Amino acid sequence: MVALDGPSGTGKTTVARKLAAELGAGYLDTGAMYRVVTLAVLDAGVDPHDADAVVALARSVRLDVSTDPASPGVRLDGTDVGEAIRTPRVDAAVSAVSAVSDLRDLLVQRQRALIEETARDGGGVVVDGRDIGTVVAPDAPLKVFLTASPEVRAARRGAQDTAAGREADQATVLASVQRRDRLDSGRAASPLRPAEDAVEFDTSELSIDQVLAALTELAGTRGLLDEGVAEPCR
């Protein structure tokens, strides 16, 4: 298993998917799970800061997550919401929803079950998020924490928004990135931080291919490769 953590805009999700494909492993985007719950909260008119209501709603909806790196996706009550969860509307509320400790407990249980299920299929798993190495899978044999400057991350996020047809004002995106950094790092429940034994990579000046090559090499040094295929999760 590879645990890949870090803030948004570091290339984390793209690298995790590519690494999973490279290793012949499954892929789990835990951040998408919090975004799906956030979307459900907003659509239902629930206050993102109302912890009890957030948890009650999360228990009442069906959240399905694909672990296939070739076709990742998330569904809310059977509806594909892969695009809807990446909007500024969800960006603005996801930190508040993610800070609800009982929701985190609920989703961490689900994440661990998905990891175990994927591992049983025999291909290993790459998991990305903000608390994988510290909370979800502290025994992962390889933990990586990706970083990049706020300006670089904002530029990447703006480029993603533009490519998806969403308006992206650079100053607004940068302010959003910095705001979420503060909220995610300062929350009481599972704050964003590297695990003590995580390998930290600053991706500010690196391409996705360069990061992928470095992580693949690192996986090899940790004994996670077997003729180009990851060993089962352990």
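Run down VAL46, VAL90, VAL65, VAL61 and say which single residue is open to solvent by less than 20 Å² (accessible area, probe 1.4 Å) and in contact with a helix residue (DSSP H, G or I) (Cβ under 7 Å, 6 or more places away or on another chain). Step by step, each of VAL46, VAL90, VAL65, VAL61 is checked, and only VAL90 is open to solvent by less than 20 Å² (accessible area, probe 1.4 Å) and in contact with a helix residue (DSSP H, G or I) (Cβ under 7 Å, 6 or more places away or on another chain).
A single entry from ALA16, ALA51, ALA40, ALA25 fulfils the requirement of being at pLDDT below 95 and either surrounded by fewer than 18 Cβ atoms within 10 Å (Cβ to Cβ) or not basic (Lys, Arg) (or both): ALA25. The residues in the stretch 184-205 that are within 21 Å of GLY11 (Cβ to Cβ) and in a loop (DSSP other than H, G, I, E, B) can be counted, and the count is 8.
Check the stretch 161-177 and report whether any residue there is open to solvent by 40 Å² or more (accessible area, probe 1.4 Å) and under 29 Å from LEU23 (Cβ atoms). The answer is yes; a qualifying residue exists.
Among the residues of the stretch 30-65, the ones that are in a loop (DSSP other than H, G, I, E, B), in contact (Cβ under 8 Å) with a residue 40 or more places away in the chain and more than 19 Å from ARG86 (Cα to Cα) come to 1 in all. Listed by first and then second residue, the pairs with beta-carbon distance under 6 Å, at least 6 apart or on different chains, first residue in the stretch 94-109 and in contact (Cβ under 8 Å) with a residue 12 or more places away in the chain, second open to solvent by 30 Å² or more (accessible area, probe 1.4 Å) and outside any helix (DSSP H, G or I), are ALA96/HIS49. Within the stretch 1-14, restricting attention to residues that are in contact with a strand residue (DSSP E or B) (Cβ under 7 Å, 6 or more places away or on another chain) and of a type outside the set (Gly, Ala, Ser), the residue that is farthest from THR203 (Cα to Cα) is MET1.
The values are calculated or read from the model by the stated rules, or taken from the named source; none is laboratory data. Just so it is clear, the structure is predicted and the values come from calculations on it, not from any experiment. No Cβ is skipped: glycine too gets one built from the backbone with ideal geometry, and neighbour counts run over all protein chains shown. The area values use the complete protein model at the heavy-atom level, side chains included, leaving out ligands, DNA and RNA. Shrake-Rupley method; radii C 1.70, N 1.55, O 1.52, S 1.80 Å.
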